[in-house]
Amino acid sequence: MKSLLLLLALALTAFLPVAAATLVHHFDDELSRRASATPLVAGGKGDRFDLVLKSLYFTGGAPEPITMADFDELADTGRALAIPLHLEFSAGGAPLVATTPDYYRFRKLEPARGTLPLLAGDVALGGSAARRLGLGVGDTLPSDQVNLYDLSATYPLRMRVVGVLAEAGTPDDEAAFASLETAWVIAGFGHGHDKLGADSPAADVLGRGDGRVTASAALEQFIEITAENIGDFHFHGDRAALPVNALIAVPNSPKDRTLLKGRYSTAPDLQMLVPGEVVGELLGIVFKIKRLFDATFGLVALAAALFLALVVLLSLRLRKRERETLFLIGCSRGTVAWMQVAEILILAAGALLVAAAATSVLLWQAPNFTRSLLR
Amino acid sequence: MKNKAITIRNLDFSYPGSPFRLTVPELDIEAGEKVALTGASGCGKTTLAHLVAGILEPASGRLTVAGTVVSELGDRARRAFRSSKIGFVFQEFELLEYLPARDNLLLPYTVNRALKLDSAARDRAAAIAGSVGLADKLDRHPSRLSGGERQRLAIARALVTAPEIVVADEPTGNLDPDTARGVVGELLARSAGATVLAITHDHSLLPQFDRSLDISRYSTQPSPADRKPSPES
């Protein structure tokens, strides 16, 4: 038991710095790969880390909303492919990324089964999300309730799973994808219900006048968009005012990239960021912390080595009579010493084996772990 | 005339840097004789026992034990001699707590290449374990044996290689008089054919031996070996 405790303590001492290095490496890799694959991200002015992390890695929550007018403005420059992202909602615990088909082309996302979500009410699941939720094509997935205690909030929308995306080893695997219209319906900017007319029940009508019928809160709204009722869905207000949370900009050329950055550097309410630079800045902080950890681990390793030396010395003292007994019954002093060295070596080898096994598990799980850190 | 198990002629020994000196002009111990080594602390009892066992090397003189001139052997040969000819019983038995009784019993074979652990050795170990009443307790660790069983296991370990000489270094040092008598009785009974050298301070035990030797007369100063319970040589 004492040897086991010592072995575990040694294994932990050996494992911790390896674990930290492995996780930081994977964290760096995970962040950098995605960031370098995304040329520019635009969003509301505010925390640049927040905008990049939430729009690239879906780390939970959504950046401050901008509007479709901002998307139109970017698209109208003709200098970049503009891809809007609406990130307010989730479904089954997976971030619900509402976007346009350009996103799938840009990220090279292909359906492994089914199709991409082209219609309002459709949802396609990332490979990991589908596996976690146990859903496939033909199943339904309700959007997550935003506020359980807000009685005026819209109901969750029951979405049809029309596809499961092939796993890409990116945060997209953990997400659910839908059209912008789907997100706006969940947000309450659009809805569907039976047509109101002269023959509508009085309870469903709040008022009539000027040829318009105003529905009351009693009018039942559809909670699912189907082929039968999709025609009854409609949006109130100006499309340009509808919200999105970020825009991915894929410039046509380096020159366009520079011009866009310059253009948005003076924008009062918007910022245009290079994700690689922001992530590099973030990783700089991470590596500074890692260096601090490395120094700490060095001290911990030194302390562990000193403790081990103390334990060995105490053990040698406690077992002096045992050594003497072995010598007296015919064991050479060299063999006695070698037996004790062998014990320490076996202990150290056992600790290294345990540390190696733990590292193997960590290497296997590191991508999932770093992704879970980002969520 | 009986065979001599131990013959000492003009033996001289001293520890480096110590005024202690053990000088034994002539001493004969017959095969199978049970001898108690007595004398004041530091007089050289353990030193003499260790010389006989080949642990210490005399400065001069001739020491013959079980037909081997130990005083002429080198280190390796003395260790091989000790493994095959000498059995040790220690004051606190010195059983290895992390090994079961069986492995404690066979320890001399395990730690010494000069001894071969063959089926004959195993049979002998089983017979000795049976004779001391431990046949059904060989899988137990020493911590799960009673004091008497531990004592018998220690004696069995000393006898498992069928040694010609059994050296018992104060095997009753920490025991009450009744138990001490029991341990000595057990030791002498189990080592029936062997010559026994038992170091003791307890004069009430001397009647159980064939004779006692007061070592004080051979030494000039207190021996460091006799002042330390476990001398390193």
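The values are calculated or read from the model by the stated rules, or taken from the named source; none is laboratory data. Predicted model, so just to flag it, every value in this text is computed and none were measured. Reconstructed Cβ throughout: ideal geometry from the backbone, glycine too, with neighbour counts over all protein chains shown. The accessibility values were calculated without ligands, DNA or RNA, using every heavy atom of the protein model including side chains. Shrake-Rupley method; radii C 1.70, N 1.55, O 1.52, S 1.80 Å.
What average count of beta carbons from other chains do you get within 10 Å of the Cβ of residues in B:113-119? Spell out each step's value before the answer.
On the way: counts 4, 1, 2, 0, 0, 0, 0.
Average neighbour count from other chains, rounded to a whole number: 1.
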Seminar exercise, completed: Output field shielding_mean for B:71-79 (other chain Cβ, 10 Å radius) holds 1
Exercise. Taking chain A as a Gaussian network, where each spring joins two C-alpha atoms under 10 Å apart, which residue of A:A187, A:A124, A:A303 fluctuates the most?
Worked result: A:A303
For this session: For helix B:147-159, report the angle its Cα long axis makes with the longest principal axis of the Cα atoms of chain B; keep it between 0 and 90° and round to the nearest 10°.
Result: 60
Seminar exercise, completed: the range B:79-109 scanned against label point 7 Å out from B:D202 along Cα→C-beta; backbone N under 20 Å for B:88-95
Problem set entry | Peptides B:183-196, B:58-71 ordered by average Cβ neighbours within 10 Å, highest first | B:183-196, B:58-71
Exercise. Aspartates and glutamates within cross-link reach of A:K2: Cα-Cα under 16 Å, excluding same-chain residues under 8 positions apart?
Worked result: A:E343, B:E97
Exercise. In chain B, with Lys and Arg counted as +1 and Asp and Glu as -1 at Cβ, which of these residues, B:V69, B:I165, B:T179, has the Cα nearest the positive end of the dipole, that is, farthest along it?
Worked result: B:V69
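Add +1 for every Lys or Arg and -1 for every Asp or Glu among the other residues with Cβ under 14 Å from the Cβ of A:V312, and state the total.
Working: positive: A:K2, A:R317, A:R319, A:K320, A:R323; negative: A:E343.
Result for the local shell: +4.
Which whole DSSP H helices in chain A pass both tests: a Cα extent of 27 Å or more along the axis and a mean Kyte-Doolittle value no lower than 0.0? Show your work: numbers first, answer last.
Details: long enough: A:2-36 (50 Å, 0.84); A:275-318 (61 Å, 1.59); A:333-374 (58 Å, 1.14).
TM-like helix candidates: A:2-36, A:275-318, A:333-374.
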Problem set entry | Sorted peptide list for B:109-115, B:99-105, A:317-323, criterion being average Cβ within 10 angstrom, highest first | B:99-105, B:109-115, A:317-323
Exercise. What residue among A:I230, A:I329, A:I248 shows peak mean-square fluctuation when chain A is described by a Gaussian network model with Cα springs under 10 Å?
Worked result: A:I329
Seminar exercise, completed: Summing -39500 (n - 2.57) over every DSSP H run of at least 4 in the protein assembly as shown, dividing by its residue total and rounding to the nearest 500, the 222 nm mean residue ellipticity is -13500 deg cm²/dmol
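Charges only on Cβ, +1 for Lys and Arg, -1 for Asp and Glu: so what's the dipole of the protein assembly as shown about the Cα centre, in debye to the nearest 20?
Values: 63 positive and 67 negative charges, 676 e Å.
Roughly 3240 debye for the protein assembly as shown.
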Exercise. Where does helix B:177-190 land angle-wise versus the long Cα axis of chain B, in degrees 0 to 90, nearest 10?
Worked result: 80
Problem set entry | B:D75 - accessible surface, heavy atoms, 1.4 Å probe, Å² rounded to 10 | 110
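Taking the highest mean first, how do the peptides A:38-46, A:76-84 order by number of other beta carbon atoms within 10 angstrom per residue?
Working: A:38-46: 20.8, A:76-84: 18.2.
Highest-to-lowest ranking by the protection proxy: A:38-46, A:76-84.
So, for the protein assembly as shown, what is the accessible surface per residue at a probe of 1.4 Å, expressed in square angstrom? Please report the intermediate quantities before stating the final value.
Details: 29480 Å² over 608 residues.
On a per-residue basis, the protein assembly as shown sits at 48 Å².
Order the following by accessible area, largest value first: B:H201, A:H191. Probe radius 1.4 Å; ligands, DNA and RNA are ignored. It would help to have the intermediate numbers written out before the result.
Working: B:H201 85, A:H191 40 Å².
The ranking, largest first, comes out as B:H201, A:H191.
If you roll a 1.4 angstrom probe over the protein chains with everything in place, what fraction of the accessible area of chain A belongs to carbon and sulfur, to the nearest %? Could you put the intermediate results ahead of the total?
Numbers: 12160 of 19300 Å².
C and S fraction of accessible area: 63 percent.
B plus A alone minus the pair: what accessible area, both sides summed, probe 1.4 Å, in Å² to 100?
Details: alone 11000 and 20190 Å², together 29480 Å².
For B against A, buried area totals roughly 1700 Å².
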For this session: Pull up all non-local amide H partners of A:M159: gap of 5 or more, or a different chain, and H-to-H distance under 5 Å with H placed in the peptide plane.
Result: A:L141, A:S143
For this session: Take peptide B:104-110, look around each residue's Cβ out to 10 angstrom, count Cβ atoms belonging to other protein chains, and average those counts.
Result: 2
Exercise. How large is ³J(HN,Hα), in whole Hz, for each residue of the range B:54-70 in order, when computed from phi with the Karplus curve 6.51 cos²θ - 1.76 cosθ + 1.60 and θ = phi - 60°, using x for Gly and Pro?
Worked result: x, 7, 9, 10, x, 6, 7, x, 10, 10, 10, 10, 6, x, 10, 7, 5
Exercise. Put +1 on the Cβ of each Lys and Arg and -1 on the Cβ of each Asp and Glu in chain A; which of A:L116, A:F49, A:G330 then has its Cα farthest toward the positive end of the dipole?
Worked result: A:G330
Problem set entry | Within straight-line cross-link reach of B:K4, aspartates and glutamates at Cα separation under 12 Å, skipping those fewer than 8 residues along the same chain | B:D28, B:E30, B:E33, B:E164
Problem set entry | Angle between chain B longest axis and helix B:119-131 axis [Cα atoms, degrees, rounded to 10] | 90
Exercise. With every protein chain kept in the model, how would you rank A:Y57, B:Y15, A:Y155 by accessible area, 1.4 Å probe, largest at the top?
Worked result: A:Y155, B:Y15, A:Y57
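How many percent of the accessible area of chain B is carbon or sulfur, using a 1.4 Å probe? The partial results should precede the final answer.
Numbers: 4870 of 10180 Å².
That fraction is 48 percent.
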For this session: Have a look at A:T115, A:T258, A:T335 and tell me which one the Gaussian network model of chain A (Cα, springs below 10 Å) gives the largest fluctuation.
Result: A:T335
